[in-house]
Structure formats: C-alpha cells, structure tokens
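Q: My structure is below; once you've seen it, I'll send some questions.
Quick note: the coordinates plus some simple rules give every number you see, no bench work behind them. What you see is a predicted model, and the numbers here were worked out from it, not measured in a lab. Quick reminder, even Gly has a Cβ in these numbers, built from the backbone with ideal geometry, and neighbours come from all protein chains shown.
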Amino acid sequence: MTSTIGSLNKYIDFSNEAFPNGDIHSQFNMADDNPTVLRLLKNTSPVLEDMPCLLVLEIFQKDPHIFAVPVVNHNNIPIGIVERNSFVEVFIKPYAKELYAKKKILGFMNKAPVIVDHETFIDDIARIIIGAGMQHMVSGFIATENRQYLGIANGHDLLNEITQRKQVSLFHLAHFDQLTKLPNRRLFIDRLNHAVATSARSGHCGALLFLDLDYFKTLNDTLGHEIGDLLLQQVASRLTTHIREGDTVARLGGDEFVLLLENLSENVLEAATQAKIVGEKILAALNQPYQLKAHTYHNTCSIGASLFNGHEVETEELFKQADIAMYQSKSDGRNTLRFFDQVMQDVINARADLESELRKAIEQQQFQLHYQIQVDSAGKPFGAEALIRWIHPERGTIFPIYFIPLAEKTGLILPIGQWVLETACAQLKQWQQAKETRDLVLAVNVSARQFLQEDFAEKVLVTVRHHGIDPTRLKLELTESMLLDRIEHIIATMTALKVVGIRFSLDDFGTGYSSLQYLKKLPLDQIKIDQSFLRDVVTGSIDRAIVRTIITMGHSLGLDVIAEGVDATEQQQFLLDNGCSHYQGYLFSRPVPIDEFEALHSKS
Ligand SMILES: [Mg+2]
C-alpha cells in the first residue's frame, strides 16, 4: 500500500500494524468492560471520490438509516465523509440538481473526517471526537483496518454506549461489594424480598444462611488487612462455586456473608435437611487451606440458618433469626451450622444421628432376623416371613418402620437388604439339612430401591448359589407401590429369578394401586392381603367385601392368597369360609428369634 492520508487526519494511529484478521461482525456486541469501536460500526458501503453527487443523493433517499457516507480513493483509503443533512439540504434549493448533477462527490464531502483504527477503545474515541470539534458527533466517524476503510459509526450510538456503561457501573457500585464482587446488602435484601414473594406463591420453602468467619479479626491483627482482604476474596469465590444454581451469595460487610437458598421442599423438615446439606458443603469448602501470598492459612466459619415459607416472617426478622442461630453455632464451638428453630434443630440432629448410627449398625452387624410363622388351615406351618430388627446397643430393639424409610432415602437399604438376603439364605440352608424343616418357604421383603438395581437378579442368583439352597424355598415379597414405574424392567427381573424357581408374593395387597392389567402381567405366585383389612373383617361390611373380592380375584388369576394380621379365630374362620387357607398373624405367633421359631415349629 503506497498512498498516504497525510494531513487528512491526525488521529489515525499507524503504529500498530499487527491487526487481527477477525470477522468484524463476530465482534459486535462484545460485552467487555472496555469495548473498541467495532461494537458501534455499521458497514455502510463507501463511495469513490469521483462518484457523481446525484448518485450519492440517491443512496440517502433510498435508505433513511444512512446518516453519512464515507468517501474512499481507489485504494479503499478513506478521504472524507458526506453527512446526510447538510448534503441533502444543498439539493432542496431551486436548480440545485441541474447545477451540481455532474459534479463529483469530492467537492461536497468533509475533507477532515475523524478516522480511527478499528482497535481504538470507545472511551478514547469520545476524547478524540470532543477534541476534533463537536460537529463530528453529527457526521460520525470512520474506522479503518490496515488504513483501509472498514465501517462508519455515528455519534449518537457513541453517546448511548458511553451513558449505558456509566449507568451499569453506577449500578454495580451501588449493588455490589467492590472487594469480592458479590452482591451487597442492598441487592441481597432486594433478592430476599423477591424470594419471599416467590415462596408465598409457590409454597416452596427458602432458607437464609448467615455465615461469619471464625477468628477473622485475629488474622487481620496478625497478618494485616491486605492478607485479610485476600481471604475474603477467596472465601467469596469458594462460596460462589458451592451454591446451587439460582441461589444468591452476598457480602454484608466485614467477614459476614449471607446465602439465600430458594426453591427448597414444601415440607419444612425436608427443606431444613436440604439447607443443611448446602451448609455442610460450604463448611467443608471453607475448611480447605487458603494460600494467602506466602501464608498457608486454615480458616473455618460458623453458619446460622433460618427458613421461610411465604410472608410468615418479616425479612428483617429472618435476618435476626439467622444471626441468632449463627451466634448459637459460635457458642457451640464454631465450624458448624445451627438452625434458628430449636425443635427443628432437634429433629435434624436426631435424623443425622440415626443415619450415622445406621451406618455403624451395618458395619457392626447389629441386625437380626425375626421369623413369623405362616400356617395353613390345618394349623400346619409351611413357612415364615423374615423380618429385620435392629438390636441397638443402647436403645434395644428398633423396629424397621423407624429406620427403613431413612435407609431407603440414603441408599443404606442396599447393604441392609443384601444382609437380609444373605442371612435368610443361610437360614434356609440350615433348614434344608433337617427333614422337619426342609420344606419351609422363607419370605424376604425387598424394597423398591433394592429391587430396581440393574443387577438385582444377578445378586440374588449369586447369593442363592453361594449358600447352595433350593431356590424354590425362597420367596421375595414385593410391595405394590414399587410397581408404579418401570414395569417392563420389573417383569424382566422377576422372570430371570422365576426361571430358577424363586417365588414372588405381592405384599400389602389392597393398599396400593395394582391394576388387574399389572397383576396379569407379573409372574407372581401369591398375593398377601394387607393386615389393615383384617382388623374390621369380622364386623365391618366394607372390609368383608374387600377381602372377599381380593380372595376371589387372586384365585381367578391362579394365585395363592395369604392373609397377614390374623389375630383372632373369627378372622381366620371368615377367611377360611371365603376360600383363603394361608395365614400369618399373632393368632399363631408374633415374629420371634430363630431359637423360639424352631421350638415353636417342632411343637406343631
Ligand atoms: Mg412383608
């Protein structure tokens, strides 16, 4: 390139020849702090210096959005700019067209346009325009790349861009903490109000977590504020990475941070558990060592939490509650989380204790199987149901209803369920070695989570093979509620186990949603009438009708029918009269340890 622009423009910076060859369109709307002129550029086609001015007039008339037309020489180097208003005005005058029609545009352009390189920052352009005279605000200015024409921009867009960015930065100053870049108290309260209103509409709980660093003052006093500030910044970034999407973290000032958790469960206890999980993740994250310049530093924090559900509590009160809870956690030894509500705290603690004790129970095998006998109409035992008991070292025997739901929720049901299966198979093996007990069928309860494991069938088969038992003496009890979902998978698992002779009973029958469609499809052997129907079966006409229906339906599907909860001879008689000849209940025996069971069995 040989031509120079010479004196045309003093604002072009030719010092940097290494321009990137990027597509300018891809760089429009770049959201950075200090954008270049590219953001404002319009790629209006330039006209050549010898173009007749009437053609330029046509350009303006065709497109009202063109505010100025750049003029270039034959090397595509910009040499002037034609501003719409002043140019069009010339042609309003009488005979103007006739007078100027054949003249070149060269005579009509502003020969001293503002020309900037495409990498010039917008803030610098503003200074250049002001320095060159405000008329350039009207005409706009030209951007080049390698001195060649690239596009033009107008002063109005420039002004807009600068004001908007000022507004954004003012907003940022007013709503964000400058040290950590987190929202400040003002923005946080705004979000909290919004969250409370959302919670009132949706019914979902939210939580406010108040977080205070432990011994922060000591750090500031010993290592200085600069190091203290570094810690605050690192804490802020850890908090940001450990909250869930949609949650808010803010710095209130000093070493106080606050978290807003939204869209938790509708159930307050569930919500508290969810808040606790987030709180514990944060405690763990803030417990990791910090690198503060040359110092490796350990720090902890104390967290107080308050829950909200709609507008029940004023937001100011929520802050107070979380603050009180935070002081509670400080006085409880720091590095911990406390809830404002003591009752809730107790329930949460109890649940957490139960979970850790349950883990210990699995490790230390604190479980036992009890056996409840099952008999036929002649009173002859044909089997038993194995029922788990937790023999707690301090609390004594704990019934499954108190720990199975938690085990299901935490997944601990898997090792527990496997233990039950192993123990039941070991027992069957023993029974199979004696003539009197050889034919006993043992029923084992299987939970949904356990049964729905991809490899459940294989696990059972391995266990059966390992203990060398006759699989036809093992019966798995499934519950109706597990049949709601993935029915094809369930059938496949059942079929795989059925092949070797393992039996299936549908437990708690009548309480769930079994449809006849399902019952027909499932390879079941037995249905078990839920004990709730037995309670009033002697006097209640509805329960009598239900039990009769279940028996008839079961038999018509070719299934064996057993009733559980048979506590009185009248109940047994009613069942017998209606064709049900298999029973389980206190009338025969409650669930008992193996020794008692065997004694009972040998008597009969
Ligand atoms: Mg059962």
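Q: Please give me, ordered by residue number, the chymotrypsin sites (Phe, Trp or Tyr not before Pro) of the stretch 116-220 that lie in loop per DSSP and have at most 16 other Cβ atoms within 10 Å.
A: Qualifying residues, ordered by number: 215.
Q: Once every Cα of the chain carries one equal point scatterer and solvent is ignored, give the base-10 log of I(q)/I(0) from the Debye formula at q = 0.08, 0.09, 0.10 Å⁻¹, two decimals.
A: For the chain at q = 0.08, 0.09, 0.10 Å⁻¹, log10 I(q)/I(0) is -0.81, -0.88, -0.97.
Q: Here's another thing I want to ask about it. Roughly what angle does helix 541-556 make with the longest principal axis of the chain, taking Cα atoms, 0 to 90 degrees, to the nearest 10?
A: Tilt of helix 541-556: around 90 degrees.
Q: Sticking with this one: How about the stretch 272-302: which trypsin sites (Lys or Arg not before Pro) there lie in a loop by DSSP and see at most 10 other Cβ atoms within 10 Å?
A: Taking the stretch 272-302 and a limit of 10 other Cβ atoms within 10 Å, the loop trypsin sites (Lys or Arg not before Pro) found are 293.
Q: Over the Cα atoms of the stretch 355-603, how large are the radius of gyration and the largest Cα-Cα distance (Dmax), in Å?
A: Using the Cα atoms of the stretch 355-603, the pair Rg, Dmax is 17.7, 50 Å.
Q: Counting only C-alpha contacts under 8 Å and six or more residues apart, can you give the relative contact order of the chain as a whole percent?
A: 8 percent
Q: A follow-up question, please. Cut-off is 10 Å between beta-carbons; in what order do 494, 51 appear when sorted fewest neighbours first?
A: 51, 494
Q: Mind checking which of 367, 77, 467 is farthest towards the positive end of the chain's charge dipole, using Cβ charges of +1 (Lys, Arg) and -1 (Asp, Glu) about the Cα centre?
A: About the Cα centre, the residue reaching furthest to the positive side is 77.
Q: If you wrap a convex hull around the C-alpha atoms of the stretch 276-377 and split its volume per residue, what is the figure in Å³?
A: In the stretch 276-377, the Cα hull volume divided by residue count equals 205 Å³.
Q: Once the Cα gyration tensor of the stretch 88-199 is found, what semi-axes does its equivalent ellipsoid get, as square roots of 5 times the eigenvalues, in whole Å, sorted largest first?
A: The three semi-axes for the stretch 88-199 are 48, 18, 11 Å.
Q: Find out how many positive minus negative residues lie around residue 392, taking Lys and Arg as positive, Asp and Glu as negative, among other residues whose Cβ is under 12 Å from that of residue 392.
A: Residues near residue 392 contribute 0 overall.
Q: Something else now. Just to confirm the number: angle between the C-alpha axis of helix 315-331 and the first principal axis of the chain, 0 to 90 degrees, nearest 10?
A: Value to nearest ten degrees: 60.
Q: Ratio of the stretch 243-291's C-alpha Rg to 2.2 N^0.38 Å, to two decimals?
A: Against the compact-globule rule of thumb, the ratio is 1.29.
Q: Quick one: which residues, 5+ away or cross-chain, put their amide H under 5 Å from the amide H of residue 445? H built at 1.01 Å from N.
A: 386, 477
Q: With N denoting the number of residues in the stretch 474-604, provide Rg(C-alpha) divided by 2.2 N^0.38 Å, to two decimal places.
A: Relative to the rule-of-thumb radius for its length, the stretch 474-604 sits at 1.11.
Q: Another question, if that's okay. What ³J(HN,Hα) values, in whole Hz, does the Karplus curve 6.51 cos²θ - 1.76 cosθ + 1.60 give for the stretch 354-359 when θ = phi - 60°, with x put for Gly and Pro?
A: 4, 5, 6, 5, 5, 4
Q: Follow-up question, since we're still on this one. Taking N as the number of residues in the stretch 337-489, what value does Rg over Cα atoms divided by 2.2 N^0.38 Å take?
A: 1.21
Q: How much mean residue ellipticity at 222 nm does the chain get from its helices, if each DSSP H run of length 4 or more adds -39500 (n - 2.57) and you divide by all residues, to the nearest 500 deg cm²/dmol?
A: Estimated from H runs of four or more residues: -14000 deg cm²/dmol.
Q: Cα axis of helix 225-242 to longest principal axis of the chain: angle in degrees, 0 to 90, nearest 10?
A: For helix 225-242, the angle is close to 60 degrees.
Q: Moving to a separate point now. If you wrap a convex hull around the alpha carbons of the stretch 34-121, what volume per residue comes out, as a whole number of Å³?
A: Hull volume over Cα atoms, normalised by residue count, gives 96 Å³.
Q: A further question on this structure: Pick out, in residue order, every one of the trypsin sites (Lys or Arg not before Pro) in the stretch 63-148 that is DSSP loop and has at most 12 other C-beta atoms within 10 Å; say none if there are none.
A: For trypsin sites (Lys or Arg not before Pro) across the stretch 63-148 that sit outside H, G, I, E and B with at most 12 neighbouring Cβ atoms in 10 Å, the list reads 102, 103.
Q: Right, something else. Based on the alpha-carbon gyration tensor of the stretch 176-340, what equivalent-ellipsoid semi-axes (square roots of 5 times the eigenvalues) come out, in whole Å, largest first?
A: 28, 16, 13
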